[in-house]
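Only one structure is covered here, and it is reproduced in the block below.
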Amino acid sequence: MLAQAPKTRWGGIADGHFRPGRYFRVGQDAGTFWLIDPDGGRFLSKGVNTVRFDQDRIQNSERIPYADACRRKYGSEKAWRGAAAARLADWGFNTLGSWSDEAVAHADPAPLALTPNLDLGMSFALNRRQDFPDVFDPEFNRHVEQRARELCGPRCEDQSVIGWFIDNELRWGPDWRGPEDLLALFLKLPAASPGHRAASIGPRDNFAASVAERYFALTAAAVRAADPNHLVLGCRFAYVPPPLVIEAAGRHVDIVSFNCYDFDPSNVITAYAAAGRPCLIGEFSFRAADSGLPNTNGAGPRVATQGERADCFRRYVVVALRNPTLVGYHWFEHADQPAEGRFDGENSNFGTVTIDDRVYETLAGTMTSVNAEAEDVHAAAGAAG
């Protein structure tokens with residue numbers, strides 16, 4: 001059994017099948033995709049998002065209840081980092097997900113891998129108040145090249161980085177932000193803008209494909225020019241976009257990433273697997289009513305108890321691992337949100353710990369056992385195929 005083989009310092013399975021290399025890379029064995037860590041271990045990225053002392057500020061205030069509680073409990077942020085890192089390692093996690101304090105990665109003898117989010121497109125769109133970045137604007141290319149140089153270049157030899165998420169939950173079509181598709185969003189741009197002109201004169205039936213091809217070509221090239229050593233992890237899709245968008249992603253990224261807040265991710269993974277690339281789930285979670293939190297704002301299913309929440313984690317991850325394209329799953333998120341709501345109003349029981357840093361023991365126990373079995377479950381996916 002893979003889980004009983006020796007482990008690399010990264011937590012990968014050291015079964016001798018893959019050779020060491022300087023950085024994380026992608027490989028296949030018997031039709032199953034794997035990450036390969038720098039020591040040659042077969043590796044699944046098991047992560048937790050937002051592992052940070054200052055999670056989350058109550059909206060319209062300066063209060064950060066989690067930080068206040070951890071300061072009382074640990075005395076310092078440094079002491080908290082060590083405790084958080086050791087706890088994640090005990091639970092079988094090997095990766096810090098998005099928006100985490102990267103100092104946690106080296107606060108325990110067992111290092112945690114990193115998957116930073118660059119916000120290449122989002123930062124361009126926010127600066128210009130666009131619903132989706134105008135990828136036809138020559139300034140877009142200059143922007144992503146500069147940002148990649150600034151963020152990726154200095155870390156191109158950092159072995160702890162698996163790769164770079166390009167963005168998170170861009171508006172590829174109708175979602176909670178509005179009913180418009182990409183063509184409608186680009187036609188809303190000023191008439192003189194490059195994006196509006198492209199939407200007005202281009203092939204309207206496949207406009208999303210044109211946007212996707214340009215977006216992924218430019219962003220992936222910018223990241224690789226700044227850092228040829230690490231993987232391009234895709235853009236963390238929020239919902240399944242048109243197939244031609246997924247095809248465009250597959251032509252340019254190393255891994256297709258997406259967030260999936262369903263009970264069962266099977267159909268979603270299958271849709272993205274059509275790209276021919278390995279897949280990584282950037283966010284998933286379940287919320288329970290017995291936490292005492294409102295759970296009125298935030299994505300994903302709600303259940304009654306922490307026991308049900310743990311059961312949902314097991315079913316979700318096991319189903320995901322049975323798809324041979326999956327190379328990672330990242331839970332959202334480390335600590336519960338404040339009952340008063342964070343910056344965007346979310347007020348849910350997403351945490352592995354409470355806002356007072358008390359562990360949800362049933363969930364943590366299930367996470368530990370599932371993480372320990374993950375490589376065996378995933379290896380069997382290829383054998384079954």
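Where a ≥ b ≥ c are the square roots of the eigenvalues of the C-alpha gyration tensor, would you call the stretch 1-125 rounded, which needs a/c under 1.5, or, failing that, prolate if a/b is larger than b/c, or oblate?
Judged from the Cα gyration tensor, the stretch 1-125 comes out oblate (a/c at least 1.5, b/c at or above a/b).
Please identify the trypsin sites (Lys or Arg not before Pro) of the stretch 137-206 that satisfy two criteria: DSSP loop assignment and at most 11 other Cβ atoms within 10 Å. Which are they?
Answer in residue order: R177.
What distance in nm separates the simple spin-label points at T305 and I201, each placed 7 Å from Cα in the Cβ direction?
6.5
Can you work out the PRE-style zone for R214? Point 7 Å along Cα to Cβ, and I want the residues of the stretch 239-273 with backbone N under 16 Å.
245, 248-249
Could you tell me the convex hull volume per residue, in Å³, taken over the Cα atoms of the stretch 76-187?
Per residue, the Cα convex hull of the stretch 76-187 comes to 141 Å³.
Need the full-extension length gain, A86 to W99, defined as separation in residues times 0.36 nm minus the C-alpha distance. One decimal, nm.
2.8 nm
Counting only GluC sites (Glu not before Pro) that are in a DSSP loop and have at most 11 other C-beta atoms within 10 Å, tell me the longest site-free stretch of the chain.
The segment 158-385 is the longest one with no such site.
Multiplying the sequence separation of A289 and D158 by 0.36 nm and subtracting their Cα-Cα distance, what value in nm do you get?
43.0 nm
Ignoring the sites themselves, what is the longest stretch of the chain with no chymotrypsin sites (Phe, Trp or Tyr not before Pro) in a DSSP loop and at most 12 other beta-carbon atoms within 10 Å?
1-175
If I take R0 = 51 Å and measure r between the Cβ atoms of M1 and E139 in this structure, what FRET efficiency does the formula 1/(1 + (r/R0)^6) give, to the nearest 0.05?
In this case the efficiency is close to 0.45.
Treat the stretch 235-385 as a sphere of radius equal to its Kirkwood radius over Cα pairs and apply Stokes-Einstein at 25 °C in a medium of 0.890 mPa s; give the translational diffusion coefficient in µm²/s, rounded to a whole number.
Translational D for this selection: 152 µm²/s.
Report, largest value first, the span of the C-alpha coordinates of the stretch 156-226 along each principal axis, in whole Å.
45, 27, 21
So if I place +1 on the C-beta of Lys and Arg and -1 on the C-beta of Asp and Glu, and nothing else carries charge, what would the dipole magnitude of the chain be about its Cα centre? I want it in debye, nearest 20.
Dipole size: approximately 420 debye.
What is the spin-label model distance, in nm, from S266 to D356 if the labels are put 7 Å beyond Cα along the C-beta direction?
For S266 paired with D356, the spin-label model returns 4.1 nm.
Can you give the convex hull volume per residue for the Cα atoms of the chain, as a whole number of Å³?
Output value, Cα hull per residue: 133 Å³.
Only Cα pairs under 8 Å and at least 6 apart count here; give the relative contact order of the chain as a rounded whole percent.
It comes to 19 percent, rounded to a whole number.
Would you pull out the residues with amide H under 5 Å of G234's amide H, same chain only if 5 or more places away, H placed 1.01 Å from N?
Result for G234 returns I166, D254, I255.
What are the principal axis extents of the Cα atoms in the stretch 291-334, in Å, biggest first?
For the stretch 291-334, the Cα extents along the three principal axes come out at 37, 19, 16 Å.
Largest first and in whole Å, what are the equivalent-ellipsoid semi-axes of the stretch 36-88 based on the Cα gyration tensor, each being the root of 5 times an eigenvalue?
30, 15, 7
Given 0.36 nm per residue, what is the gain on full extension from S76 to L244 after removing their alpha carbon distance, in nm?
Contour length minus Cα-Cα distance gives 55.5 nm.
Among bridges DSSP assigns within the chain, what percent are antiparallel (round to 5)?
That works out to approximately 30 percent antiparallel.
None of the figures in this text is laboratory data; all of them are computed from the coordinates on show. All of these numbers come straight from a predicted model, not from anything done at the bench. Neighbour counts are summed over all protein chains in view; Cβ atoms, including those assigned to glycine, are modelled from backbone coordinates with ideal geometry.
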